[in-house]
Amino acid sequence: SMTATADNNTGVGYVALSALTSGKENTAVGAYALYDNASTDFNTAVGVSAGYNTAGSSNTYVGSNSGKGADGAEANNVGVGASALLAVTTGGSNVAVGMDALSKLTTGVENVSLGSKANNTLTGDSYNVSIGYESSKFTWGGSNVAIGKDALLGATFTDDLRIDDISSGTTIIMD
């Protein structure tokens, strides 16, 4: 039910942007994309249910269920891949690239996760960088850097750097 104050929006797909009343410059492509976005601006969602409950501005979600989230005021997030940033509520300025990357994150901010299932159990911690398949999986804490498959797997750390080379068995840890 777009109104006259909803300017320059594009919705393609079954009920895409259906709740929009006053937001501007939003783009939703896919069934249920940006479905519950009523009044925010500058969001892009591509994929079934991408950005479904988005209540914040300047988010980009590409992939089925990416950024689906619960009603919150998340902003400035980028989620690319099926279920990337799936549960985000008020977390902002996060980058998740890969299937299930940061999929359980709700309130954390300024996390970067690249790789399938990278940091996919983190919920509220912030300032983490995870690069590699399942890097930082089952890991909690803030301000960590994990590089390599399974780096920082299943631990609680704060202010750690861990680089794993699975092929040689070499691990570098700095804390």
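Per-structure values
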quantity: Estimated Rh, the chain: Kirkwood, alpha-carbon pairs, angstrom; calculated: 15.8
quantity: Summed residue charge, Cβ within 10 Å of G23's Cβ, Lys/Arg positive, Asp/Glu negative; calculated: -2
quantity: The chain - share of DSSP beta bridges that are antiparallel (%, nearest 5); calculated: 15
quantity: Rel. contact order, % - alpha carbon contacts under 8 angstrom, at least six apart, region 94-135; calculated: 39
quantity: Dipole magnitude of region 1-94, debye to nearest 20 (Cβ charges: Lys/Arg +1, Asp/Glu -1, about Cα centre); calculated: 160
quantity: Under 17 Å from the Cα of K104 - lysines, other chains or at least 8 residues apart; calculated: K68, K117, K137
quantity: Nonlocal amide H pairs with S113, under 5 Å, H built at 1.01 Å; calculated: V95, A96, V97, S130
quantity: Accessible surface, per residue, of region 1-64 when the full set of protein chains is kept, probe 1.4 Å, Å²; calculated: 42
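The values are calculated or read from the model by the stated rules, or taken from the named source; none is laboratory data. As the structure is a computational prediction, the values presented were derived from the model and not from experiment. For neighbour counting, all protein chains shown are included, and Cβ atoms are generated from backbone atoms with ideal geometry for every residue, glycine included. Ligands, DNA and RNA are stripped out before the accessible areas are found, and what is left, the full protein with its side chains, is counted by its heavy atoms. Shrake-Rupley method; radii C 1.70, N 1.55, O 1.52, S 1.80 Å.
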